[in-house]
Every structure is written in C-alpha cells, then in structure tokens.
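Reading through the structure tokens given below for one structure.
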Amino acid sequence: METTDDLAAVELPRLATLTQRQQRGQDCVWCGITLIPGKVADLGSRPFRIADWTTQWYPRACKKHPRGERR
C-alpha cells in the first residue's frame, strides 16, 4: 500500500471488517492494538452510509503505521 502524509487520504480497511473497538477509535484500524493518549494518529472523519442514512466515523491508528503501512 502506498503511504501519504495526508492522513485523510489513507485508504482504510472496510468498516465491516473491523471490530467494534476499531470502529470506535479505541483500537488501531490496522493492527488492533489498544490506543493510548499521545500515541494516536487521527485519520480524519470519514462518511459512512447505511441504507439512506449517512453518518461520520473517526478512525484512528497507532503511531507505528498511521499512513497505511502494514508492517
């Protein structure tokens, strides 16, 4: 996967493949590690559509791979 400094442009895993904790921003969207304050990369708000309802979700990643690196 290509990396970028624009965190909002990072292509994320499909929301349906993530755990509830990853969906809520409690765990990293890439590795699932529990996130702690000061060691988090906010990946920006993302639209999510369910049927005719659109909402936002706020994915977060650990500092190990905030730009899509899956090491």
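The values are calculated or read from the model by the stated rules, or taken from the named source; none is laboratory data. Since the model is a prediction, treat every value here as computed from it, not as a measurement. Cβ placement follows ideal geometry from the backbone for every residue including glycine, while neighbour counts extend to all protein chains displayed. Only protein heavy atoms, including side chains, enter the accessible area calculation; ligands, DNA and RNA are left aside. Shrake-Rupley method; radii C 1.70, N 1.55, O 1.52, S 1.80 Å.
Would you tally the residues in segment 36-60 being open to solvent by less than 70 Å² (accessible area, probe 1.4 Å) and in contact with a Gly (Cβ under 7 Å, 6 or more places away or on another chain)?
Count: 1.
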Taking segment 22-71 as the search range and keeping residues that are among the small types (Gly, Ala, Ser) and either in contact with a helix residue (DSSP H, G or I) (Cβ under 9 Å, 6 or more places away or on another chain) or within 16 Å of residue 10 (Cβ to Cβ) (or both), which one is modelled with the lowest pLDDT?
68
